[in-house]
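Student: Have a look at this one.
The values are calculated or read from the model by the stated rules, or taken from the named source; none is laboratory data. From a predicted model like this one, the values you see are computed outputs, not experimental measurements. Here the Cβ positions follow ideal geometry from the backbone for every residue, glycine too, while neighbour counts run over all protein chains shown.
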Amino acid sequence: METTKISVKERFAYGCGDLGCNIIYSAMSSFLLFYYTDYVKVSALTIGTIMLISRLFDGVTDLIMGVIVDRTKSRFGKCRPWILRMAIPFAIAAVLLFSVPSGLGNSAKMVYIFITYNLVSSVVYTAINVPYSTLNALITQDQYERSVLSIFRMILATTGTLIITNLTLPLVQAFGNNASAWTKAFAVFGVLAVIIFLITFTGTKERVKPSEHTKQEKIPFFKGIRLLFQNKYWIMITLTLVFIFIIYSLNGGAAVYYAKVVLKNPNLVGPMNLVASIVQIVAMFFTAFIIKKIGKRNMLILGAIIYGLGFAMFAFVGTSYIGIMIASGLKGIGNAGISSCMFAIVSDTIEYGEWKTGYRTEGLINSASSFGFKVGNGLGSAMLGWILALGGYAEKVVAQSASALTAINALFIYIPVLAAVLIVVIMCFYKLDKEYDGIVEDLKKDMIYETHDPIKNN
C-alpha cells in the first residue's frame, strides 16, 4: 500500500488539539466532582446522577455533530473550520464550568450545574472534539502514520493531564483557595487552550478524499446509524472505548479520594499522576516501533493487560511510597499501549465501513465513537458519585467509615481491573489489522459497491 509521510511539525500540530481538549477533559475527570462536593457543597449522589443523565443528551449531540462534519464543505476542509470556530467558546465554557455562584440556593445550584455541564460536555466540547478526532482520518490513509499521529496526540494529551493535575490545586491556592479561585484558574487555562487550538488549525492539512465510486449523496441520519451497525469493527472499538474511558474517569476522579482517605495524604495525587504521565510519555516514544512489529490490536491488548496489573498492584502495596510509585509507573506503561492506538483504530474502521457499504462517513463514525468514550466517562463519573454516596463518604468527617473505604478501593482498583479484562476479551475478536491493506487496495481499484451494501439490499 502506498505510504504518506507526515512531517514532525504537522504531527505536533495535530497532537496539540488534544492538549487543548484535555485541559477541560482532565479537569472534568480529576477535579469537577471534588470542586462540586468540597467547594460548592453539593452531594456526590446528585452530581453523579446529573452527569449520567447528561450523557444521554450528549450522545445525541455527538451524532448530530458527526453528520454536520460529514456535510461541511469549506476551503479549510471538513474538520479544521470547527476547531477555529469553537476555540474561544471552549475557553468561555471552561470558566463557566467552575463558576457556580456562591449565593445560589441548593436548587438553583443544581440548575446551574446541569446547564453549564451540558453546555460544556454536550455542546462546546462535542463541537470541537468530534471534528478534531475525525481529522486523523483526513490527514492520511496510511495505517502507520495514523498510529504516529495518535501517539503525538496522546503524548500531548498526557501533557495536558500533567498541566491540569499538577498546576490546578497550586493555582487555586495562589488565587485564594476558595470557590472564585477555581474561576480564575480556569480563565488562565482557557486562554492557553485557545492558543493551542490555533496551532492545530494552522499546522494541519486535510488530504484524504472519498474513493471515486463512493456514494456522495447526503446520508439520512437514521440510515447513517444503520450503516454504523453494519461495521462490526466499529462496534468492537466503540465498546472498547466505553471501558477505557470508564477506567480513565475512575482513575482521574477517584485518585484524590484514594490519596486523601486510603493513603492519608491528598498531596500524593500529584506525584502519582506525575509518575504515571512521565512514564507514559517516555513509553510512547517506543510504541510506534512496537506497533510496527505486532500491530495496533495486539498493542492495545498488551497495554490493557499491563494497565490492569498496575491498578491491581495498589491492592497489595498499601501505603508504601515506593510501591505506590511503581504501580503508578506500571499504569503509565499500560496506558501508553492503549492510548497510542485506540483512536487510530477508530480511523481504520472508516475504510472498512466505506468498503462494506459504499459510504464514507468519517464524521459520523468518529462522533459515534466519541459517544462511546463519553458514555464511558459518564458511567465512570456516575459510578464515582453513586458508589461514594452508597459507601457513606462524608467530606466533613475526620475518619471515613469502613464502607466508604471499600467504596473508594472499588472505584480506584477493582472496577478498573475488571474493565481492563473486558477490553482484552473484546479485542481478541478484532481482525482488521490483517485485513486493512487489502481493503484499501480494493478502494483504490474503484471497485463497485453494490455487492457490499447491506443497507441498500434490504
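Student: State whether the residues of the stretch 381-402 include one that is among the basic types (K, R) and over 16 Å from V256 (Cα atoms).
Tutor: No, that holds for no residue.
Student: Somewhere in the stretch 367-381, is a residue surrounded by fewer than 18 Cβ atoms within 10 Å (Cβ to Cβ), part of a helix (DSSP H, G or I), modelled with pLDDT of 85 or more and not hydroxyl-bearing (S, T, Y)?
Tutor: no
Student: For F243, are the conditions met, namely being in a helix (DSSP H, G or I) and under 23 Å from M28 (Cβ atoms)?
Tutor: Working: in a helix (DSSP H, G or I): yes; under 23 Å from M28 (Cβ atoms): yes.
Yes.
Student: Can you report the number of residues in the stretch 304-325 which are closer than 24 Å to C341 by Cα and surrounded by fewer than 24 Cβ atoms within 10 Å (Cβ to Cβ)?
Tutor: The qualifying residues number 5.
Student: Of the numbered conditions (1) over 26 Å from G378 (Cα atoms); (2) crowded, with 23+ Cβ neighbours inside 10 Å, N129 fails exactly one; give the number of that condition.
Tutor: For N129, the failing item is (1).
Student: Further question on the same structure: Restricting to the stretch 54-90, name every residue that is within 23 Å of G224 (Cα to Cα), of a type in the set (A, V, I, L, M, F, W, C) and part of a helix (DSSP H, G or I).
Tutor: Answer for the stretch 54-90, where residues must be within 23 Å of G224 (Cα to Cα), of a type in the set (A, V, I, L, M, F, W, C) and part of a helix (DSSP H, G or I): L56, F57, V60, L63, I64, M65, V67, I68, V69, W82.
Student: Moving to a separate point now. Quick test for you: out of I291, I247, I301, pick the one residue that is crowded, with 16+ Cβ neighbours inside 10 Å, more than 24 Å from Y436 (Cα to Cα), of a type in the set (V, I, T) and in contact (Cβ under 8 Å) with a residue 12 or more places away in the chain.
Tutor: Within the list I291, I247, I301, the selection yields I247.
Student: In the stretch 21-43, which residues are farther than 17 Å from L167 by Cβ and assigned to a loop (DSSP other than H, G, I, E, B)?
Tutor: Y39, V40, K41, V42, S43
Student: Enumerate the pairs (first residue in the stretch 107-118 and touching a residue at least 60 places away in the same chain (Cβ under 8 Å); second residue anywhere and among the acidic types (D, E)) with beta-carbon separation below 8 Å, excluding pairs fewer than 6 apart on the same chain, so at least 6 apart or on different chains.
Tutor: What qualifies is N118/D58.
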